[in-house]
Structure formats: structure tokens, C-alpha cells
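This report concerns only the one structure given below.
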Amino acid sequence: MILELIERDVELKKVTPKEYAGPCPWCGGTDRLHVWPDSDTYKCLGYDEGRAGCGKQGDPIQWLRDKRGLTFVEAAAQVGKIIEPRKDGSKATPALRPPENVEHPAGLWQDKAWELLNFAQDEMDSERGAKAENWLAMRGLNHDTIHQAGIGYWPTDTYGERADWGLEKETNANGKLKKVWTPRGIVIPWIFRGYIWRIRFRRPLTDDQVAKGEAKYIQLPGCSNGLYGASELTPGCRAVLVESELDALLLRQEAGHLCIPVATGGTGGARRAKWMAMLAQCERVLIAYDADEAGQKAAAWWADTLKENGRIWRPLWGDQTDMVKGGADLALWVGEGLK
């Protein structure tokens, strides 16, 4: 697909059996832009006419976004069209091809994930789980919100075999077989239409662990790229897009009558056509990523993607949980953003 697509804009020549080159639309030259049909990718590289390439690169969707100015959703829809050559060498009318597919984990993994979640939810009602619920309460989440979200508690670090989860063997940098690590902490399930897509653990780190840069969140191996809370989205609704699942839950608790909160689980999550399409059908999406450099950079990406209905709505400080701890009214804040 990439070759047919780029040839509409750039005159390419074959330089190797599997590589084409031509002038870069952004920085010129004669053969800076390289295209590899087998991998459906392109990149501006090399040194041509005394200048280095600009480094622009990507796949068909990225080309349409950079060269034609399309949003992600528009580009994804157009990438669903391929030009099939006829036997006489001419090109046929574009035929439809399904867009990028992302599905929930299946088989043994799904069974094991439900088993883990059921145990963790029972533990949440135990004495050990009570401490975790108290920690969540300090973040502003009440008992009903915690239990309606299916949040659980995993009491101790455990390590299982990947084969038991239906996962292929993998080795670490030392050549040892990787295990399935289920760390002690709060268990947050991502459930969409009856299937678990993702499970993340919020670990209780000490100050020393934080200083060492240990991860607060750990994802269960084998998860799929999801959108937390997507089950609640409907065409024409008003949504708020945030980073953390716990921030989304706090928004649901405090401003659920105004919006549908969803979370990506980080600055780079949920960038898939499935979730883009659902967000594109909302009447309005407030893009409320964390008020830091990484969060606002990711917010700009989403604003570019959701050109028609997206609006960056920066938290007053930190994130939504920080706002509540500081005395802010989330319902009032969301209401102002939706005006």
C-alpha cells in the first residue's frame, strides 16, 4: 500500500529489489525519501546534495497525516482503501480493506485474568484490602466507586509461568526465561463488552523505591491496547479523556452526570483506530491530560487527531486527583470546559 500511496505525491525510482527512493516533499533533494513496500514504511534519510535528510518517517496513516493534513481517524479510514492492479497493468477502483484491528486477549489468558481478578476482588474486602481502600479514599474515591469499578487487591508479589497464561516463552537480557509478575498492589481491570482487555497494578512504593525510579504501575503481560471506560461511550455523548484510570474514576464519581470519563493509562495509550472512532463520534471530548510537559505534548497529539470535537482542557494543576486534594470542584471545572 505505501508505494501506491506515496507515488501519488512523489516520483519514485527503484534503487534495490525491495526499496524505492525519491525527493522528500518536506526537505527536497533527489533521493532522500526511501520507501520499503514490504514493511509499508518510509523515511527521509541519508545525505543528499550536501544536506542531511529531515528524518520524517512512518506508515501509510502517518503519510496521510503529514502530507495531506488528515486527522488520524480520517487517515485510518482512507488507508482502508487499496489500489489493486489489474492483469493488464492498469489500476482498479479502490477496494475496501478492514482498518487496523485490535482485539482483547483470548483463550487461556482470559480465563487466568478473570481468576486473578476474582481473587483480588475478594481480597479487597479483607483486612489487607482495607488498607488499600483507605489509600484510595485519601485520593477522594468512595467505597461505592471503588467496588463498582471492580477494583481489587493483590497481597504479595508472585511469579508464574508464561505458558500457564498461554503466552510464548521470552528471555530477559541475561538469557533467563521471563515470568508473569503479579506485584503486590491495587488491581485495576479494564473491561470492555464482557472481556478483560488489560489489568494494571498500582504498587505501594516506598520513598526509596520512588527515588530509584521504580514504576508505580505494572501491566500484566499479554494485555491489549485498550481505552479505560470505553463501554460507557455512546455516539453524541460528552467525554473527558485523561491519563490515569483512578483520575477517570474520580471524574465519574464527581462529574459523571456531565460527562463520560475515559483513560488511556499513560500518555501513549489507546492510539488505535477502534478507540479513535469511538471518541470521534462524541459530541465533545475534553482532553484533560496531566499539567506537565509530557501530558501536554500528548494532549496536543489528541487535539490534532480529534480536530472536529476535541478540546484541550488542562487541569488547574497536576491531575484531577491533585485538583480534588487542593479543594477544586471537578463538576464545576468540567462544566466550564463543556461550555
Q: Check every one of the helices (runs of 4 or more DSSP H) wholly within the stretch 98-182 and list those with 1 or more residues that are over 30 Å from Gly256 (Cβ atoms) and touching a residue at least 60 places away in the same chain (Cβ under 8 Å).
A: 108-124
(Q) Give me the strands (runs of 3 or more DSSP E) completely within the stretch 1-44, filtered to those with at least 1 residues that are crowded, with 17+ Cβ neighbours inside 10 Å, ordered by residue number. (A) 19-24, 28-36, 41-44
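Table: residues versus (1) touching a Phe, Trp or Tyr at 6+ places or on another chain (Cβ under 7 Å); (2) among the β-branched types (Val, Ile, Thr); (3) surrounded by 13 or more Cβ atoms within 10 Å (Cβ to Cβ).
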residue: Gly129; (1), (2), (3): yes, no, yes
residue: Asn172; (1), (2), (3): no, no, no
residue: Trp181; (1), (2), (3): yes, no, yes
residue: Gly213; (1), (2), (3): no, no, no
residue: Lys216; (1), (2), (3): no, no, yes
Q.
I'm trying to understand the selection: among the residues of the stretch 190-205, which are part of a loop (DSSP other than H, G, I, E, B), free of Cβ contacts under 8 Å to residues at least 60 places away in the same chain and within 14 Å of Asp157 (Cβ to Cβ)?
A. Arg203, Leu205
Q: Identify the single condition in (1) more than 24 Å from Glu161 (Cβ to Cβ); (2) at pLDDT 95 or above; (3) more than 18 Å from the chain's Cα centre (by Cα); (4) not assigned by TED's automatic domain parsing to the domain that holds Gly295 that Leu205 does not satisfy, given that it satisfies every other one.
A: (2)
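For the stretch 232-339, which helices (runs of 4 or more DSSP H) that fit wholly inside it have 1 or more residues that are touching a residue at least 24 places away in the same chain (Cβ under 8 Å) and polar (S, T, N, Q)?
Numbers: elements: 245-255, 273-280, 293-305, 320-325, 330-338.
In the stretch 232-339, the matching helices (runs of 4 or more DSSP H) lie at 245-255, 293-305, 320-325.
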Q: Find all pairs meeting these conditions: Cβ atoms under 7 angstrom apart; at least six residues apart or on different chains; first residue within the stretch 8-32 and aromatic (Phe, Trp, Tyr); second residue surrounded by fewer than 18 Cβ atoms within 10 Å (Cβ to Cβ).
A: Tyr20/Leu3; Tyr20/Lys13; Tyr20/Lys14; Trp26/Cys54
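The values are calculated or read from the model by the stated rules, or taken from the named source; none is laboratory data. Being a predicted model, the structure only gives us computed values, none of them experimental. Cβ coordinates were reconstructed from backbone atoms using ideal geometry, including for glycine residues, and neighbour counts include every protein chain displayed.
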